[in-house]
1. The conditions are (1) assigned to a strand (DSSP E or B); (2) within 24 Å of residue B:110 (Cβ to Cβ), and residue A:202 fails exactly one of them. Which is it?
2. State whether one or more residues within the stretch A:179-193 are under 19 Å from residue B:255 (Cα atoms) and surrounded by 15 or more Cβ atoms within 10 Å (Cβ to Cβ).
3. Could you list, in sequence order, all residues of the stretch A:141-173 that are without any contact (Cβ under 8 Å) to a residue 60 or more places away in the chain and under 15 Å from residue A:220 (Cα atoms)?
4. Checking the structure you have, find out if any residue of the stretch B:61-82 is free of Cβ contacts under 8 Å to residues at least 24 places away in the same chain and among the β-branched types (Val, Ile, Thr).
5. Could you tell me which residue of the stretch B:34-59 is surrounded by the fewest Cβ atoms within 10 Å (Cβ to Cβ), considering only residues that are part of a strand (DSSP E or B) and in contact (Cβ under 8 Å) with a residue 12 or more places away in the chain?
6. Out of curiosity, is residue B:90 more than 9 Å from chain A (Cβ to nearest Cβ), assigned to a helix (DSSP H, G or I) and touching a residue at least 12 places away in the same chain (Cβ under 8 Å)?
7. Considering (1) within 13 Å of residue B:251 (Cβ to Cβ); (2) more than 8 Å from every other protein chain (Cβ to nearest Cβ); (3) touching a Lys or Arg at 6+ places or on another chain (Cβ under 9 Å); (4) of a type outside the set (A, V, I, L, M), say which one residue A:176 fails and leave the rest.
8. So which of B:22, B:33, B:13 is at pLDDT 95 or above and either within 15 Å of residue B:142 (Cβ to Cβ) or of a type in the set (Phe, Trp, Tyr) (or both)?
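The values are calculated or read from the model by the stated rules, or taken from the named source; none is laboratory data. This structure is a prediction, so every number in the text was calculated from the model and none was measured. Glycine gets a Cβ as well: all are built from the backbone with ideal geometry, and neighbour counts include every protein chain shown.
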Protein chains: 2
Amino acid sequence: MKILVTNDDGVHAEGLMVLKTALDKVAEVFVVAPDRPRSACGHSITLHKPLRAERVVLKDGSHAYASNGTPSDCVSLGLLGIIDDPVDLVVSGINHGPNLGWDLTYSGTVSAAMEGAIIGVSSIAISVASLASGIDYSVAAHFAVDLATLLNEHKLPESTLLNVNVPPLAASEIKGVKIARQGKRRYTGQLEKRTDPMGRDYYWLGGDPPTDVFEEGTDVNAVADDYISITPVHLDLTDYASIDSVRGWGIEKIAIC
Amino acid sequence: MKILVTNDDGVHAEGLMVLKTALDKVAEVFVVAPDRPRSACGHSITLHKPLRAERVVLKDGSHAYASNGTPSDCVSLGLLGIIDDPVDLVVSGINHGPNLGWDLTYSGTVSAAMEGAIIGVSSIAISVASLASGIDYSVAAHFAVDLATLLNEHKLPESTLLNVNVPPLAASEIKGVKIARQGKRRYTGQLEKRTDPMGRDYYWLGGDPPTDVFEEGTDVNAVADDYISITPVHLDLTDYASIDSVRGWGIEKIAIC
(Lines give C-alpha, C1' and ligand atoms only; values in the text may rest on other atoms or scores of the structure.)
Protein backbone atom coordinates (compact mmCIF):
# COMPACT_ATOMS: atom_id res chain seq x y z
CA MET A 1 0.00 0.00 0.00
CA LYS A 2 1.25 3.51 -0.81
CA ILE A 3 0.01 6.29 1.48
CA LEU A 4 0.35 10.07 1.19
CA VAL A 5 0.40 11.77 4.59
CA THR A 6 -0.26 15.49 5.00
CA ASN A 7 -1.67 17.79 7.69
CA ASP A 8 -2.40 21.42 8.49
CA ASP A 9 -0.19 21.75 11.58
CA GLY A 10 3.00 21.75 9.48
CA VAL A 11 5.48 19.10 8.36
CA HIS A 12 7.32 19.01 11.70
CA ALA A 13 4.19 18.62 13.88
CA GLU A 14 4.19 15.75 16.34
CA GLY A 15 0.81 14.40 15.21
CA LEU A 16 2.17 13.86 11.69
CA MET A 17 5.33 12.14 12.97
CA VAL A 18 3.40 9.70 15.17
CA LEU A 19 1.00 8.95 12.30
CA LYS A 20 3.81 8.34 9.82
CA THR A 21 5.67 6.04 12.22
CA ALA A 22 2.51 3.93 12.72
CA LEU A 23 1.65 3.76 9.00
CA ASP A 24 5.27 2.85 8.10
CA LYS A 25 4.57 -0.66 9.45
CA VAL A 26 1.88 -1.40 6.85
CA ALA A 27 2.65 0.85 3.89
CA GLU A 28 5.15 2.89 1.94
CA VAL A 29 4.52 6.39 3.29
CA PHE A 30 5.19 9.68 1.48
CA VAL A 31 4.93 12.96 3.37
CA VAL A 32 4.07 16.25 1.64
CA ALA A 33 2.93 18.84 4.17
CA PRO A 34 2.88 22.61 4.72
CA ASP A 35 6.15 24.23 5.77
CA ARG A 36 4.32 26.01 8.62
CA PRO A 37 1.03 25.72 10.53
CA ARG A 38 -1.95 26.36 8.25
CA SER A 39 -4.90 25.76 10.58
CA ALA A 40 -8.28 27.20 9.56
CA CYS A 41 -7.20 27.61 5.94
CA GLY A 42 -10.28 25.72 4.68
CA HIS A 43 -10.33 24.33 1.16
CA SER A 44 -7.99 27.06 -0.02
CA ILE A 45 -5.85 26.31 -3.07
CA THR A 46 -2.99 28.33 -4.51
CA LEU A 47 -3.53 29.51 -8.08
CA HIS A 48 -1.85 32.94 -7.98
CA LYS A 49 1.74 32.00 -7.13
CA PRO A 50 4.12 29.11 -7.75
CA LEU A 51 4.22 26.24 -5.30
CA ARG A 52 7.48 25.02 -3.82
CA ALA A 53 8.19 21.58 -2.39
CA GLU A 54 11.52 21.44 -0.54
CA ARG A 55 13.05 18.18 0.69
CA VAL A 56 13.37 18.19 4.47
CA VAL A 57 14.48 15.59 7.01
CA LEU A 58 11.98 14.44 9.64
CA LYS A 59 12.86 13.42 13.20
CA ASP A 60 13.09 9.75 12.21
CA GLY A 61 15.70 10.58 9.55
CA SER A 62 13.31 10.02 6.64
CA HIS A 63 12.76 12.55 3.86
CA ALA A 64 9.59 14.55 3.40
CA TYR A 65 8.48 17.48 1.26
CA ALA A 66 7.64 20.81 2.89
CA SER A 67 5.53 23.13 0.75
CA ASN A 68 4.63 26.82 0.85
CA GLY A 69 1.11 25.78 -0.19
CA THR A 70 -2.01 24.82 1.73
CA PRO A 71 -2.83 21.26 2.88
CA SER A 72 -5.00 20.85 -0.26
CA ASP A 73 -2.07 22.03 -2.41
CA CYS A 74 0.15 19.44 -0.70
CA VAL A 75 -2.26 16.68 -1.74
CA SER A 76 -2.20 17.94 -5.34
CA LEU A 77 1.61 18.17 -5.24
CA GLY A 78 1.86 14.62 -3.92
CA LEU A 79 -0.72 12.91 -6.12
CA LEU A 80 -0.19 14.84 -9.35
CA GLY A 81 3.53 15.50 -9.28
CA ILE A 82 5.97 14.35 -6.66
CA ILE A 83 4.97 10.70 -6.19
CA ASP A 84 5.47 8.72 -9.39
CA ASP A 85 3.46 5.62 -8.49
CA PRO A 86 -0.30 5.51 -7.92
CA VAL A 87 -1.21 6.30 -4.31
CA ASP A 88 -3.78 4.09 -2.55
CA LEU A 89 -4.73 6.35 0.32
CA VAL A 90 -4.41 9.92 1.62
CA VAL A 91 -4.30 10.36 5.39
CA SER A 92 -4.49 13.93 6.69
CA GLY A 93 -3.48 14.49 10.31
CA ILE A 94 -3.21 13.70 13.06
CA ASN A 95 -4.71 17.11 13.77
CA HIS A 96 -4.14 18.78 17.09
CA GLY A 97 -7.74 19.66 17.98
CA PRO A 98 -11.24 18.52 17.03
CA ASN A 99 -12.76 18.71 13.56
CA LEU A 100 -16.39 18.26 14.48
CA GLY A 101 -19.66 19.82 13.36
CA TRP A 102 -19.28 23.20 11.72
CA ASP A 103 -15.47 23.01 12.01
CA LEU A 104 -15.30 21.00 8.81
CA THR A 105 -15.34 23.76 6.18
CA TYR A 106 -12.75 25.79 8.14
CA SER A 107 -10.46 22.80 8.55
CA GLY A 108 -7.27 22.44 6.55
CA THR A 109 -7.04 18.82 7.72
CA VAL A 110 -10.47 17.87 6.39
CA SER A 111 -10.05 19.96 3.22
CA ALA A 112 -6.85 18.06 2.35
CA ALA A 113 -8.85 14.83 2.48
CA MET A 114 -11.53 16.51 0.29
CA GLU A 115 -8.82 17.23 -2.28
CA GLY A 116 -7.70 13.59 -2.21
CA ALA A 117 -11.30 12.46 -2.72
CA ILE A 118 -11.79 14.92 -5.61
CA ILE A 119 -8.64 13.59 -7.29
CA GLY A 120 -10.11 10.09 -6.86
CA VAL A 121 -8.00 8.57 -4.06
CA SER A 122 -9.48 7.12 -0.84
CA SER A 123 -8.97 9.74 1.86
CA ILE A 124 -9.16 10.06 5.64
CA ALA A 125 -8.92 13.10 7.92
CA ILE A 126 -8.01 12.22 11.51
CA SER A 127 -7.93 14.45 14.58
CA VAL A 128 -7.45 14.14 18.32
CA ALA A 129 -10.29 16.16 19.82
CA SER A 130 -8.30 18.28 22.24
CA LEU A 131 -6.39 21.55 21.98
CA ALA A 132 -4.42 20.77 25.19
CA SER A 133 -0.65 20.66 24.87
CA GLY A 134 1.17 17.36 25.27
CA ILE A 135 -1.70 15.20 24.03
CA ASP A 136 -1.00 11.57 23.12
CA TYR A 137 -1.46 10.73 19.44
CA SER A 138 -0.72 6.99 19.74
CA VAL A 139 -4.32 5.73 20.00
CA ALA A 140 -5.33 7.78 16.95
CA ALA A 141 -2.25 6.58 15.03
CA HIS A 142 -3.03 2.95 15.82
CA PHE A 143 -6.62 3.44 14.71
CA ALA A 144 -5.44 5.08 11.47
CA VAL A 145 -3.53 1.88 10.68
CA ASP A 146 -6.68 -0.24 11.24
CA LEU A 147 -8.72 2.09 9.07
CA ALA A 148 -6.08 2.18 6.31
CA THR A 149 -6.18 -1.62 6.23
CA LEU A 150 -10.00 -1.57 5.93
CA LEU A 151 -9.85 1.04 3.14
CA ASN A 152 -7.54 -1.28 1.25
CA GLU A 153 -10.44 -3.76 1.10
CA HIS A 154 -13.49 -1.46 0.80
CA LYS A 155 -14.21 1.40 -1.55
CA LEU A 156 -15.86 4.72 -0.69
CA PRO A 157 -18.24 6.33 -3.20
CA GLU A 158 -16.82 8.96 -5.57
CA SER A 159 -15.73 12.12 -3.73
CA THR A 160 -16.61 10.77 -0.25
CA LEU A 161 -13.99 10.79 2.51
CA LEU A 162 -13.93 9.72 6.15
CA ASN A 163 -13.60 12.27 8.94
CA VAL A 164 -12.31 10.69 12.15
CA ASN A 165 -12.18 12.25 15.62
CA VAL A 166 -10.48 10.46 18.49
CA PRO A 167 -11.13 11.45 22.12
CA PRO A 168 -7.95 12.50 24.01
CA LEU A 169 -7.98 9.39 26.17
CA ALA A 170 -5.96 6.24 26.80
CA ALA A 171 -7.02 3.23 24.72
CA SER A 172 -8.55 1.56 27.77
CA GLU A 173 -10.82 4.58 28.35
CA ILE A 174 -12.21 4.69 24.81
CA LYS A 175 -15.55 2.89 24.64
CA GLY A 176 -15.47 2.02 20.94
CA VAL A 177 -16.16 3.42 17.48
CA LYS A 178 -19.34 5.06 16.16
CA ILE A 179 -20.28 5.89 12.59
CA ALA A 180 -21.90 9.28 13.19
CA ARG A 181 -23.42 12.13 11.26
CA GLN A 182 -21.87 15.60 11.42
CA GLY A 183 -23.27 17.60 14.32
CA LYS A 184 -23.35 21.32 15.07
CA ARG A 185 -21.02 23.64 16.93
CA ARG A 186 -22.26 27.17 17.56
CA TYR A 187 -19.64 29.84 17.01
CA THR A 188 -19.83 33.06 18.98
CA GLY A 189 -17.22 34.97 17.05
CA GLN A 190 -15.79 38.10 18.56
CA LEU A 191 -13.57 40.80 17.24
CA GLU A 192 -11.06 42.64 19.38
CA LYS A 193 -10.00 46.07 18.18
CA ARG A 194 -6.51 47.35 19.09
CA THR A 195 -4.28 50.22 18.03
CA ASP A 196 -0.71 49.66 16.85
CA PRO A 197 2.28 51.85 17.89
CA MET A 198 1.77 53.89 14.70
CA GLY A 199 -1.80 54.72 15.79
CA ARG A 200 -3.48 52.51 13.21
CA ASP A 201 -6.36 50.21 14.15
CA TYR A 202 -6.17 46.46 13.75
CA TYR A 203 -8.39 43.55 14.77
CA TRP A 204 -8.00 40.04 16.17
CA LEU A 205 -10.61 37.41 15.39
CA GLY A 206 -11.36 35.37 18.48
CA GLY A 207 -14.06 34.72 20.94
CA ASP A 208 -15.01 31.79 23.11
CA PRO A 209 -14.55 28.24 21.81
CA PRO A 210 -17.60 27.02 19.89
CA THR A 211 -20.47 25.50 21.84
CA ASP A 212 -21.17 21.87 21.04
CA VAL A 213 -24.81 21.07 20.28
CA PHE A 214 -25.49 17.62 21.74
CA GLU A 215 -27.74 15.62 19.43
CA GLU A 216 -28.07 11.84 19.28
CA GLY A 217 -26.14 10.18 16.46
CA THR A 218 -23.67 13.04 15.88
CA ASP A 219 -19.88 13.18 15.89
CA VAL A 220 -20.12 15.76 18.69
CA ASN A 221 -22.04 13.31 20.91
CA ALA A 222 -19.88 10.30 20.04
CA VAL A 223 -16.65 12.05 21.09
CA ALA A 224 -18.28 13.50 24.23
CA ASP A 225 -19.32 9.93 25.13
CA ASP A 226 -15.69 8.71 24.73
CA TYR A 227 -16.18 7.04 21.34
CA ILE A 228 -14.08 7.50 18.22
CA SER A 229 -16.41 9.09 15.63
CA ILE A 230 -16.25 8.38 11.91
CA THR A 231 -18.33 10.53 9.57
CA PRO A 232 -18.58 9.84 5.84
CA VAL A 233 -18.26 13.33 4.33
CA HIS A 234 -19.07 14.41 0.79
CA LEU A 235 -19.09 17.63 -1.19
CA ASP A 236 -22.85 18.02 -1.65
CA LEU A 237 -23.80 20.95 0.57
CA THR A 238 -27.41 21.13 -0.65
CA ASP A 239 -29.88 21.73 2.17
CA TYR A 240 -32.46 19.35 0.69
CA ALA A 241 -34.90 20.01 3.55
CA SER A 242 -35.13 23.68 2.47
CA ILE A 243 -35.71 23.19 -1.24
CA ASP A 244 -39.51 23.04 -1.00
CA SER A 245 -39.84 25.86 1.52
CA VAL A 246 -37.63 28.20 -0.54
CA ARG A 247 -39.59 27.23 -3.66
CA GLY A 248 -42.70 28.26 -1.72
CA TRP A 249 -41.45 31.85 -1.57
CA GLY A 250 -42.35 32.17 -5.25
CA ILE A 251 -38.79 32.87 -6.42
CA GLU A 252 -39.27 30.75 -9.52
CA LYS A 253 -42.03 33.12 -10.60
CA ILE A 254 -39.85 36.27 -10.54
CA ALA A 255 -39.77 37.91 -13.97
CA ILE A 256 -36.20 38.49 -15.17
CA CYS A 257 -35.92 41.97 -16.60
CA MET B 1 -32.78 47.16 5.31
CA LYS B 2 -29.05 47.12 6.08
CA ILE B 3 -26.89 44.98 3.79
CA LEU B 4 -23.23 43.98 4.05
CA VAL B 5 -21.64 43.41 0.64
CA THR B 6 -18.40 41.51 0.22
CA ASN B 7 -16.75 39.38 -2.48
CA ASP B 8 -13.60 37.42 -3.28
CA ASP B 9 -12.55 39.35 -6.38
CA GLY B 10 -11.44 42.35 -4.31
CA VAL B 11 -13.04 45.61 -3.20
CA HIS B 12 -12.51 47.34 -6.54
CA ALA B 13 -13.96 44.54 -8.69
CA GLU B 14 -16.68 45.53 -11.16
CA GLY B 15 -19.11 42.84 -9.96
CA LEU B 16 -19.13 44.34 -6.47
CA MET B 17 -19.65 47.88 -7.76
CA VAL B 18 -22.63 46.91 -9.96
CA LEU B 19 -24.13 44.93 -7.05
CA LYS B 20 -23.71 47.80 -4.59
CA THR B 21 -25.25 50.32 -6.99
CA ALA B 22 -28.32 48.11 -7.46
CA LEU B 23 -28.77 47.39 -3.73
CA ASP B 24 -28.35 51.09 -2.86
CA LYS B 25 -31.88 51.63 -4.21
CA VAL B 26 -33.49 49.40 -1.57
CA ALA B 27 -31.09 49.35 1.38
CA GLU B 28 -28.30 51.01 3.30
CA VAL B 29 -25.25 49.17 1.93
CA PHE B 30 -21.92 48.66 3.73
CA VAL B 31 -18.94 47.27 1.82
CA VAL B 32 -16.15 45.32 3.54
CA ALA B 33 -14.13 43.34 1.00
CA PRO B 34 -10.63 41.97 0.45
CA ASP B 35 -7.97 44.48 -0.63
CA ARG B 36 -6.96 42.13 -3.48
CA PRO B 37 -8.40 39.13 -5.36
CA ARG B 38 -8.81 36.13 -3.05
CA SER B 39 -10.40 33.57 -5.38
CA ALA B 40 -10.23 29.89 -4.35
CA CYS B 41 -9.46 30.78 -0.74
CA GLY B 42 -12.26 28.55 0.57
CA HIS B 43 -13.57 29.01 4.09
CA SER B 44 -10.17 30.27 5.23
CA ILE B 45 -10.13 32.55 8.27
CA THR B 46 -7.22 34.54 9.69
CA LEU B 47 -6.28 33.64 13.25
CA HIS B 48 -2.48 34.01 13.11
CA LYS B 49 -2.12 37.68 12.25
CA PRO B 50 -4.00 40.93 12.86
CA LEU B 51 -6.67 42.01 10.41
CA ARG B 52 -6.71 45.48 8.92
CA ALA B 53 -9.69 47.35 7.52
CA GLU B 54 -8.68 50.51 5.64
CA ARG B 55 -11.22 53.07 4.42
CA VAL B 56 -11.11 53.34 0.64
CA VAL B 57 -13.18 55.28 -1.90
CA LEU B 58 -15.15 53.32 -4.51
CA LYS B 59 -15.81 54.50 -8.07
CA ASP B 60 -19.18 55.99 -7.06
CA GLY B 61 -17.46 58.16 -4.41
CA SER B 62 -18.80 56.13 -1.48
CA HIS B 63 -16.61 54.75 1.28
CA ALA B 64 -15.83 51.08 1.77
CA TYR B 65 -13.46 49.03 3.89
CA ALA B 66 -10.64 47.07 2.25
CA SER B 67 -9.18 44.29 4.39
CA ASN B 68 -6.04 42.17 4.26
CA GLY B 69 -8.23 39.24 5.35
CA THR B 70 -10.22 36.64 3.45
CA PRO B 71 -13.84 37.11 2.34
CA SER B 72 -14.97 35.23 5.49
CA ASP B 73 -12.83 37.58 7.61
CA CYS B 74 -14.50 40.54 5.90
CA VAL B 75 -17.91 39.25 6.97
CA SER B 76 -16.69 38.89 10.57
CA LEU B 77 -15.14 42.37 10.44
CA GLY B 78 -18.38 43.85 9.13
CA LEU B 79 -20.87 42.04 11.35
CA LEU B 80 -18.88 41.87 14.59
CA GLY B 81 -16.95 45.12 14.48
CA ILE B 82 -17.21 47.81 11.86
CA ILE B 83 -20.98 48.13 11.42
CA ASP B 84 -22.64 49.30 14.63
CA ASP B 85 -26.25 48.49 13.74
CA PRO B 86 -27.66 44.99 13.21
CA VAL B 87 -27.28 43.87 9.59
CA ASP B 88 -30.25 42.20 7.86
CA LEU B 89 -28.48 40.53 4.97
CA VAL B 90 -25.03 39.56 3.66
CA VAL B 91 -24.61 39.51 -0.13
CA SER B 92 -21.34 38.08 -1.43
CA GLY B 93 -20.46 38.81 -5.06
CA ILE B 94 -21.16 39.34 -7.80
CA ASN B 95 -18.48 36.74 -8.50
CA HIS B 96 -16.75 36.69 -11.86
CA GLY B 97 -17.18 33.01 -12.72
CA PRO B 98 -19.45 30.13 -11.75
CA ASN B 99 -19.77 28.63 -8.27
CA LEU B 100 -21.49 25.39 -9.17
CA GLY B 101 -21.14 21.79 -8.02
CA TRP B 102 -17.83 20.97 -6.41
CA ASP B 103 -16.67 24.60 -6.74
CA LEU B 104 -18.48 25.47 -3.50
CA THR B 105 -15.89 24.49 -0.89
CA TYR B 106 -13.11 26.19 -2.89
CA SER B 107 -15.11 29.39 -3.29
CA GLY B 108 -14.33 32.51 -1.30
CA THR B 109 -17.64 33.98 -2.46
CA VAL B 110 -19.72 31.11 -1.10
CA SER B 111 -17.59 30.80 2.06
CA ALA B 112 -18.24 34.45 2.91
CA ALA B 113 -21.97 33.70 2.82
CA MET B 114 -21.32 30.62 5.01
CA GLU B 115 -19.67 32.91 7.56
CA GLY B 116 -22.69 35.24 7.50
CA ALA B 117 -25.01 32.26 8.03
CA ILE B 118 -22.86 30.94 10.92
CA ILE B 119 -23.01 34.38 12.59
CA GLY B 120 -26.79 34.21 12.17
CA VAL B 121 -27.49 36.69 9.37
CA SER B 122 -29.40 35.80 6.17
CA SER B 123 -26.79 35.36 3.45
CA ILE B 124 -26.58 35.05 -0.32
CA ALA B 125 -23.66 34.21 -2.62
CA ILE B 126 -24.21 35.35 -6.21
CA SER B 127 -22.11 34.64 -9.29
CA VAL B 128 -22.26 35.19 -13.03
CA ALA B 129 -21.37 31.81 -14.51
CA SER B 130 -18.71 32.93 -16.97
CA LEU B 131 -14.98 33.58 -16.75
CA ALA B 132 -15.04 35.67 -19.95
CA SER B 133 -13.85 39.24 -19.68
CA GLY B 134 -16.30 42.10 -20.07
CA ILE B 135 -19.33 40.17 -18.79
CA ASP B 136 -22.47 42.10 -17.88
CA TYR B 137 -23.39 41.98 -14.18
CA SER B 138 -26.63 43.97 -14.46
CA VAL B 139 -29.08 41.03 -14.70
CA ALA B 140 -27.48 39.39 -11.65
CA ALA B 141 -27.53 42.70 -9.74
CA HIS B 142 -31.20 43.24 -10.53
CA PHE B 143 -31.97 39.70 -9.39
CA ALA B 144 -30.01 40.25 -6.15
CA VAL B 145 -32.34 43.16 -5.36
CA ASP B 146 -35.41 40.94 -5.90
CA LEU B 147 -33.91 38.23 -3.70
CA ALA B 148 -32.91 40.69 -0.98
CA THR B 149 -36.50 41.91 -0.88
CA LEU B 150 -37.78 38.31 -0.55
CA LEU B 151 -35.27 37.56 2.22
CA ASN B 152 -36.62 40.55 4.10
CA GLU B 153 -39.95 38.68 4.28
CA HIS B 154 -38.86 35.03 4.59
CA LYS B 155 -36.41 33.37 6.95
CA LEU B 156 -33.88 30.67 6.07
CA PRO B 157 -33.17 27.90 8.60
CA GLU B 158 -30.18 28.32 10.94
CA SER B 159 -26.87 28.22 9.06
CA THR B 160 -28.46 27.85 5.61
CA LEU B 161 -27.56 30.28 2.82
CA LEU B 162 -28.57 30.71 -0.80
CA ASN B 163 -26.06 30.11 -3.59
CA VAL B 164 -27.13 31.85 -6.81
CA ASN B 165 -25.65 31.41 -10.29
CA VAL B 166 -26.76 33.62 -13.16
CA PRO B 167 -26.11 32.65 -16.80
CA PRO B 168 -24.03 35.25 -18.71
CA LEU B 169 -26.97 36.29 -20.87
CA ALA B 170 -29.22 39.28 -21.50
CA ALA B 171 -32.39 39.33 -19.39
CA SER B 172 -34.52 38.46 -22.44
CA GLU B 173 -32.47 35.30 -23.03
CA ILE B 174 -32.82 33.96 -19.46
CA LYS B 175 -35.67 31.46 -19.26
CA GLY B 176 -36.42 31.85 -15.55
CA VAL B 177 -35.32 30.74 -12.09
CA LYS B 178 -34.88 27.20 -10.76
CA ILE B 179 -34.40 26.05 -7.18
CA ALA B 180 -31.79 23.35 -7.80
CA ARG B 181 -29.63 20.93 -5.86
CA GLN B 182 -25.85 21.21 -6.05
CA GLY B 183 -24.47 19.16 -8.95
CA LYS B 184 -21.02 17.79 -9.72
CA ARG B 185 -18.06 19.16 -11.61
CA ARG B 186 -15.19 16.75 -12.26
CA TYR B 187 -11.77 18.28 -11.74
CA THR B 188 -8.82 16.98 -13.71
CA GLY B 189 -6.10 18.74 -11.81
CA GLN B 190 -2.68 19.03 -13.36
CA LEU B 191 0.62 20.18 -12.03
CA GLU B 192 3.20 21.88 -14.21
CA LYS B 193 6.80 21.67 -13.04
CA ARG B 194 9.20 24.48 -14.00
CA THR B 195 12.69 25.58 -12.97
CA ASP B 196 13.43 29.12 -11.83
CA PRO B 197 16.52 31.16 -12.90
CA MET B 198 18.28 29.96 -9.73
CA GLY B 199 17.81 26.33 -10.78
CA ARG B 200 15.16 25.54 -8.16
CA ASP B 201 11.98 23.66 -9.06
CA TYR B 202 8.52 25.14 -8.66
CA TYR B 203 5.02 24.07 -9.64
CA TRP B 204 1.85 25.64 -11.01
CA LEU B 205 -1.52 24.12 -10.23
CA GLY B 206 -3.71 24.10 -13.28
CA GLY B 207 -5.29 21.77 -15.74
CA ASP B 208 -8.36 21.92 -17.90
CA PRO B 209 -11.52 23.59 -16.59
CA PRO B 210 -13.72 21.17 -14.61
CA THR B 211 -16.16 19.00 -16.55
CA ASP B 212 -19.80 19.61 -15.71
CA VAL B 213 -21.80 16.47 -14.93
CA PHE B 214 -25.27 17.05 -16.36
CA GLU B 215 -27.93 15.65 -14.04
CA GLU B 216 -31.59 16.63 -13.85
CA GLY B 217 -32.44 19.04 -11.04
CA THR B 218 -28.90 20.35 -10.49
CA ASP B 219 -27.46 23.88 -10.52
CA VAL B 220 -25.15 22.74 -13.33
CA ASN B 221 -28.12 21.78 -15.53
CA ALA B 222 -30.18 24.85 -14.65
CA VAL B 223 -27.44 27.28 -15.74
CA ALA B 224 -26.65 25.23 -18.87
CA ASP B 225 -30.38 25.48 -19.74
CA ASP B 226 -30.26 29.31 -19.38
CA TYR B 227 -31.99 29.45 -15.98
CA ILE B 228 -30.78 31.28 -12.87
CA SER B 229 -30.08 28.56 -10.28
CA ILE B 230 -30.66 28.97 -6.54
CA THR B 231 -29.36 26.28 -4.20
CA PRO B 232 -30.06 26.30 -0.46
CA VAL B 233 -26.67 25.40 1.02
CA HIS B 234 -25.91 24.28 4.56
CA LEU B 235 -22.87 23.15 6.53
CA ASP B 236 -23.83 19.50 7.01
CA LEU B 237 -21.42 17.57 4.78
CA THR B 238 -22.51 14.11 6.03
CA ASP B 239 -22.82 11.59 3.22
CA TYR B 240 -25.94 10.01 4.73
CA ALA B 241 -26.18 7.47 1.89
CA SER B 242 -22.80 5.99 2.93
CA ILE B 243 -23.44 5.61 6.67
CA ASP B 244 -24.91 2.11 6.44
CA SER B 245 -22.39 0.80 3.92
CA VAL B 246 -19.42 2.07 5.95
CA ARG B 247 -20.99 0.58 9.09
CA GLY B 248 -21.12 -2.72 7.17
CA TRP B 249 -17.31 -2.79 6.99
CA GLY B 250 -17.29 -3.70 10.69
CA ILE B 251 -15.40 -0.58 11.81
CA GLU B 252 -17.53 -0.28 14.92
CA LYS B 253 -16.24 -3.71 16.02
CA ILE B 254 -12.54 -2.73 15.91
CA ALA B 255 -10.94 -3.21 19.33
CA ILE B 256 -9.15 -0.05 20.49
CA CYS B 257 -5.78 -1.00 21.87
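1. For residue A:202, the failing item is (2).
2. Within the stretch A:179-193, one or more residues are under 19 Å from residue B:255 (Cα atoms) and surrounded by 15 or more Cβ atoms within 10 Å (Cβ to Cβ).
3. Once the filter is applied, which keeps residues that are without any contact (Cβ under 8 Å) to a residue 60 or more places away in the chain and under 15 Å from residue A:220 (Cα atoms), the stretch A:141-173 yields only A:168.
4. No, the stretch B:61-82 contains no residue that is free of Cβ contacts under 8 Å to residues at least 24 places away in the same chain and among the β-branched types (Val, Ile, Thr).
5. Taking the stretch B:34-59 as the starting set, the residues that turn out to be part of a strand (DSSP E or B) are B:34, B:51, B:53-57.
Among the residues that remain, those that are also in contact (Cβ under 8 Å) with a residue 12 or more places away in the chain are: B:34, B:51, B:53-54, B:56.
On the way: B:34: 25, B:51: 23, B:53: 24, B:54: 13, B:56: 15.
Ranking the qualifying residues of the stretch B:34-59, first place goes to B:54.
6. Working: more than 9 Å from chain A (Cβ to nearest Cβ): yes; assigned to a helix (DSSP H, G or I): no; touching a residue at least 12 places away in the same chain (Cβ under 8 Å): yes.
When the stated conditions are applied, residue B:90 does not pass them.
7. That leaves (2) as the condition not met.
8. Result: B:22 is the single residue among B:22, B:33, B:13 that is at pLDDT 95 or above and either within 15 Å of residue B:142 (Cβ to Cβ) or of a type in the set (Phe, Trp, Tyr) (or both).
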